[in-house]
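Q: I have a structure I would like to understand better, so I am pasting it below and will then ask my questions one at a time.
The values are calculated or read from the model by the stated rules, or taken from the named source; none is laboratory data. Note that the coordinates shown come from a computational prediction; the quantities given were computed from them, not determined experimentally. Cβ sites come from the backbone with ideal geometry, for glycine too, and all protein chains shown count toward neighbours.
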Amino acid sequence: MKRIVLFCLFAFGLGVTQPACPGPGPNPIVNAVIDCTLQNQTTLGQLVGEFRTILSGQMPDWSAIYQRAKNAGKAIGGCALATIVQEYLGNRSAPPPQADGWAASNTLERFRREEAANATFHTAKGDM
């Protein structure tokens, strides 16, 4: 009788599979907030001034602004880019043409995604 019980336990034990333990899951993605009000305001102001110069022409060169922001780094460059996009989209007497508005927004979103790990930029006028 013991052999039958052991045989059954052994047979059923082999047929039952335990679910694989996947271990800890991936770390949740937490978006960082870069506080632009605490960054080096002198350097930030100079970079925003450069961006304003680039935007003053007929056709804004968002790729040049992106490259300069990238060269300045995630915090300073990103804050300057967020500031200039806020100004460009919201602080004008007339809204920018739709294509230019999308170009501004897309430039900031590309920077956030590719350079700043989807961080939010906290500026004096709000979060971007």
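For (1) at pLDDT 85 or above; (2) not in a helix (DSSP H, G or I), each residue gets a yes or a no:
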site: Phe12; (1), (2): no, no
site: Thr17; (1), (2): no, yes
site: Met59; (1), (2): no, yes
site: Ala64; (1), (2): yes, no
site: Arg68; (1), (2): yes, no
site: Gly77; (1), (2): yes, no
site: Thr83; (1), (2): yes, no
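Q: Take the conditions of a type in the set (D, E, K, R), assigned to a helix (DSSP H, G or I) and at pLDDT below 75 and apply them to Arg92. Does it pass? Steps first, please.
A: On the way: of a type in the set (D, E, K, R): yes; assigned to a helix (DSSP H, G or I): no; at pLDDT below 75: yes.
In short, no.
Q: Still on this model: Condition check: polar (S, T, N, Q) and in a loop (DSSP other than H, G, I, E, B). Does Gln39 satisfy that?
A: Numbers: polar (S, T, N, Q): yes; in a loop (DSSP other than H, G, I, E, B): yes.
For Gln39, the condition - polar (S, T, N, Q) and in a loop (DSSP other than H, G, I, E, B) - is met.
Q: Among the residues of segment 32-62, count how many are under 14 Å from Asp100 (Cβ atoms), surrounded by fewer than 11 Cβ atoms within 10 Å (Cβ to Cβ) and either touching a residue at least 24 places away in the same chain (Cβ under 8 Å) or out of contact with any Asp or Glu (no Cβ under 9 Å at 6 or more places or on another chain) (or both).
A: Adding up the residues that qualify gives 3.
Q: Which of (1) surrounded by fewer than 19 Cβ atoms within 10 Å (Cβ to Cβ); (2) touching a residue at least 60 places away in the same chain (Cβ under 8 Å) does Phe121 not meet, given it meets every other one?
A: It fails just one condition, (1).
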